[in-house]
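A.B. asks: First the structure, then my questions, so here it is.
The values are calculated or read from the model by the stated rules, or taken from the named source; none is laboratory data. Keep in mind that this is a model prediction, so the values were computed, not measured. In case anyone asks, the SASA skips ligands and DNA or RNA and just uses the protein heavy atoms, side chains included. Shrake-Rupley method; radii C 1.70, N 1.55, O 1.52, S 1.80 Å.
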Amino acid sequence: MEVTVQIPDDLARRLTAVGGDLSRRALEALALEEFKSGHLTKLELRRLLGFGTRYQLDGFLKAHDVYEEFTLEDLDRDREDLKRSGS
């Protein structure tokens, strides 16, 4: 699907001058907002943005101050997994 966004020329020039591909920035902003609202999974976000690895996606999320919630239960589960693996 292709989406077209109308931006007044003077604003488009100013936004383009800031740097980067304006189309890409718009896609990233939309995708990030949909991810944060729970409408996209990490896998879907990675696919939408064309990232080849989870590492690239994690870097993108970190650059936008988006961090996964890590609970005490997650920590306990990780600790138990490490114990079982002998690490």
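A.B. asks: Against the condition among the hydrophobic types (A, V, I, L, M, F, W, C) and under 10 Å from the mean Cα position of the chain (by Cα), how does Ala12 come out, does it pass?
C.D. replies: Criteria not met by Ala12.
A.B. asks: Same structure, new question: State the number of residues belonging to the range 1-58 that are β-branched (Val, Ile, Thr), part of a loop (DSSP other than H, G, I, E, B) and open to solvent by less than 100 Å² (accessible area, probe 1.4 Å). Break it down stepwise before answering.
C.D. replies: Just the residues of the range 1-58 that are β-branched (Val, Ile, Thr), to begin with: 3-5, 7, 16, 18, 41, 53.
The next check asks that each one be part of a loop (DSSP other than H, G, I, E, B); those that pass are 3-5, 7, 18, 41, 53.
From the residues that got through so far, the ones that are open to solvent by less than 100 Å² (accessible area, probe 1.4 Å) too are 7, 41, 53.
Result for the range 1-58: 3.
A.B. asks: When the range 59-87 is examined, which residues are found to be open to solvent by 60 Å² or more (accessible area, probe 1.4 Å) and among the hydrophobic types (A, V, I, L, M, F, W, C)?
C.D. replies: Selection gives Ala63, Phe70, Leu72, Leu75, Leu82.
A.B. asks: How many residues does the range 1-33 hold that are among the small types (Gly, Ala, Ser) and closer than 15 Å to His64 by Cα?
C.D. replies: Residues meeting the conditions: 3.
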